[in-house]
Amino acid sequence: MIKRVRSWLNQEDSQQTHQLSPDNIPHHVAIIMDGNGRWAKRRGMPRIVGHQNGMKAVKRAAIAADDLGIKILTMYAFSTENWTRPKDEVDFLMKLPQEFLAIELEELIEKNVQVRMMGHPEELPSHTVSAMEEAVAKTAGNNGLVLNFALNYGSRKEITESFKALGQEISDGILRPEDITEELIGRRLLTGELPDPDLLIRTSGELRLSNFMLWQLAYSELWFTDAYWPEFTKDHLVEAIAEYQQRTRRYGGLS
């Protein structure tokens, strides 16, 4: 059955073969958006064309997540390691948030989406930071889907910086070593008050975490697809959630 769903584009979904339980939709889904360059290369196009099409996939994923009842969608947009890529590619990637939000921000506001960003903005170009700060500020009062972009994000740096801050508080006499708990560390990470992801999705067939949310993903379910990120559709998201719903989350205990 082809059904019409709530959509910023008023598009129709393709054929869905999975029946999802509305009572077991993951609250927080994180996505490692991988394969833009390879998608373009296979088509004989420049890598930047892959990134352009990847931006379209971001919108498709956000639409699908909102429609399926996911509350938080965290998307790995640019890592602390991505600076080693060719300068022209990095410069192009730094323009994508500005381009995406210039087109989509008003609809994000209308659809009650709250935009967030986690990462290290001090190393980003000013135009990238300004675009993100505007989106965060204009959607701060919204209480719908949280669209959280991990931009210039690296989990090891995140953990290192949080430990430095805790160490300084111990040195200053604000904390005692015995005051440090897993919950306190979690609150000091860039995800802050956000719950840990229930489900991690990675595209392009790669089977690794690539320095993404290493603390937060400790007990997340992992799902991988060979599809490159520009090919990602609602069908892929539904397939991932369908498999998620077949698993039993034991958190190290017994079911």
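The values are calculated or read from the model by the stated rules, or taken from the named source; none is laboratory data. Quantities reported herein were computed from a predicted structural model and do not represent experimental measurements. All Cβ positions, glycine included, derive from the backbone under ideal geometry; neighbour counts span all protein chains shown.
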Practice problem: Please state which of the following conditions D23 fails to meet, knowing it meets all the rest: (1) over 20 Å from the mean Cα position of the chain (by Cα); (2) in contact (Cβ under 8 Å) with a residue 24 or more places away in the chain; (3) within 27 Å of T191 (Cα to Cα). | Solution: (2)
Practice problem: Name, by its number, the condition in (1) within 29 Å of V49 (Cα to Cα); (2) loosely packed, with under 11 Cβ neighbours inside 10 Å; (3) not β-branched (V, I, T) that does not hold for P230. | Solution: (2)
Exercise. With the checklist (1) in contact (Cβ under 8 Å) with a residue 40 or more places away in the chain; (2) touching a Leu at 6+ places or on another chain (Cβ under 8 Å); (3) surrounded by 13 or more Cβ atoms within 10 Å (Cβ to Cβ); (4) within 22 Å of E122 (Cβ to Cβ) in hand, flag the one item L190 doesn't pass.
Key: (2)
Quiz item: Out of curiosity, is D67 of a type outside the set (S, T, Y) and touching a Lys or Arg at 6+ places or on another chain (Cβ under 6 Å)?
Solution: yes
Practice problem: Collect the residues in segment 117-134 that are crowded, with 20+ Cβ neighbours inside 10 Å and under 21 Å from I32 (Cβ atoms), keeping them in residue-number order. | Solution: M117, G119, T128, M132
Quiz prompt | Any pair with Cβ under 6 angstrom, 6 or more apart, that starts in segment 94-113 at a residue that is farther than 16 Å from V146 by Cβ and ends at one that is among the β-branched types (V, I, T) and surrounded by 15 or more Cβ atoms within 10 Å (Cβ to Cβ) | solution = M94/T128; P97/T128
Exercise. May I ask you to list pairs of residues, at least six apart or on different chains, whose Cβ atoms are under 9 Å apart, with the first in segment 165-178 being closer than 22 Å to L190 by Cα and the second being surrounded by 10 or more Cβ atoms within 10 Å (Cβ to Cβ) and of a type in the set (K, R)?
Key: A165/R188; L166/R188
Exercise. Only residues in segment 232-243 that are assigned to a helix (DSSP H, G or I) count as the first member; pair them with residues that are acidic (D, E), Cβ under 6 angstrom, at least 6 apart or cross-chain, and list the lot.
Key: K234/D13
Exercise. Could you please give the count of residues in segment 135-153 that are buried (at least 21 other Cβ atoms within 10 Å of the Cβ) and either part of a loop (DSSP other than H, G, I, E, B) or modelled with pLDDT under 95 (or both)?
Key: 1
Quiz item: Within segment 198-212, is there a residue that is of a type in the set (D, E, K, R) and under 15 Å from K157 (Cβ atoms)?
Solution: no
